[in-house]
């Protein structure tokens, strides 16, 4: 009876454990000010096969009820739809007008929100669309403002931009410079939960400050094409490098690696030791540093150590593969001493590769 009950409870316990882990990953940031910020260079790719959002292709207009395609967590709450305005904002509220100027006073109306380029801009000559891609739990919702005028009186197309909402709770803004020029720009870029809880970029350089105390309303320079601003745990884009093995014996080996200089350090690493050259199909052992000692190995065997970075509950880098071979278990040299008619002392040299020793006499 106990065994049968355990068999029934095990899937339930696994489900509860999974929900707890998912909740932990999603609940780490309950305020907008708490989100980590990263500015990187990425690739801007126009949406294709997306759903048209013609309702914001004008001046001072907005559309509500846009489906995200999954439940998105932001600053303590879950959302399944967003609103978007022609003036360069995405709101988690239901908003159908877009004539509010960028200020902390107006922020109380559209927050909680993302501000990719909040200003009096115009989409009359452009197109807007949205699309959800990927499969759970790695889906991405993208909303695109393509060929926008900055500001409404610019008279030419000057910028395109996208907001990406990642199912793992990250928020990314991407930009593309268009051929036209800007006119009297004075924008705000950032994220906000309320008029007092926000992060606002100070400029559009490759390394702006994301301030939670000063709300900037005077941004006047277009971000360069491919510029990415991201809030939330940065993704593990780059695998660890320079993997080596050391102190290899018949039963253990020390595995070393180095964090890639191209990206933010991961929260930790995970390692899998097996005899397959390809990517592992199982989760690895968590490692906080950049070294790991594998034990209990078989003598004279070829092994692979697979290491990857882990940046959140579901964000991981590619695997780094490190090959090594354990040494053979060789016999020690034995000598006899103190021999009598009824006893003898057996002596042998210590081997660095041995776990223990066995002897037989007859």
Check your understanding: Of the residues that make up the range 276-296, is at least one in a loop (DSSP other than H, G, I, E, B), out of contact with any strand residue (DSSP E or B) (no Cβ under 9 Å at 6 or more places or on another chain) and in contact (Cβ under 8 Å) with a residue 40 or more places away in the chain?
Key -> yes
Practice item. All but one of (1) part of a strand (DSSP E or B); (2) without any contact (Cβ under 8 Å) to a residue 24 or more places away in the chain hold for residue 307, so report the exception by its number. Key: (2)
Review point. How about the range 20-64: which of its residues are assigned to a helix (DSSP H, G or I) and modelled with pLDDT under 95?
Key: 20, 21, 22, 23, 24, 25, 26, 34
**Study point:** Given (1) in contact (Cβ under 8 Å) with a residue 60 or more places away in the chain; (2) in contact with a strand residue (DSSP E or B) (Cβ under 7 Å, 6 or more places away or on another chain); (3) closer than 20 Å to residue 67 by Cα; (4) part of a loop (DSSP other than H, G, I, E, B), number of the condition residue 93 does not satisfy
**Key:** (1)
Review point. What about residue 246, is it surrounded by 11 or more Cβ atoms within 10 Å (Cβ to Cβ) and free of Cβ contacts under 8 Å to residues at least 12 places away in the same chain?
Key: yes
Review point. On the given criteria, is residue 244 part of a loop (DSSP other than H, G, I, E, B) and either modelled with pLDDT of 95 or more or out of contact with any strand residue (DSSP E or B) (no Cβ under 6 Å at 6 or more places or on another chain) (or both)?
Key: no
Practice item. Identify all residues within the range 148-171 that are under 25 Å from residue 106 (Cβ atoms) and over 26 Å from the mean Cα position of the chain (by Cα); write none if there are none. Key: 148, 149, 150, 151, 152, 153, 154, 158, 159
Check your understanding: Among the residues of the range 94-119 satisfying the criterion of being at pLDDT below 90 and surrounded by fewer than 18 Cβ atoms within 10 Å (Cβ to Cβ), which is nearest to residue 197 (Cα to Cα)?
Key -> 101
Revision key, fill the gap. Filtering the range 123-142 down to residues that are under 26 Å from the mean Cα position of the chain (by Cα) and assigned to a strand (DSSP E or B) yields 129, 130, 131, 132, 133, 140, 141, 142
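The values are calculated or read from the model by the stated rules, or taken from the named source; none is laboratory data. Because the structure is predicted, anything quoted here is derived from the model rather than measured. Neighbour counts are summed over all protein chains in view; Cβ atoms, including those assigned to glycine, are modelled from backbone coordinates with ideal geometry.
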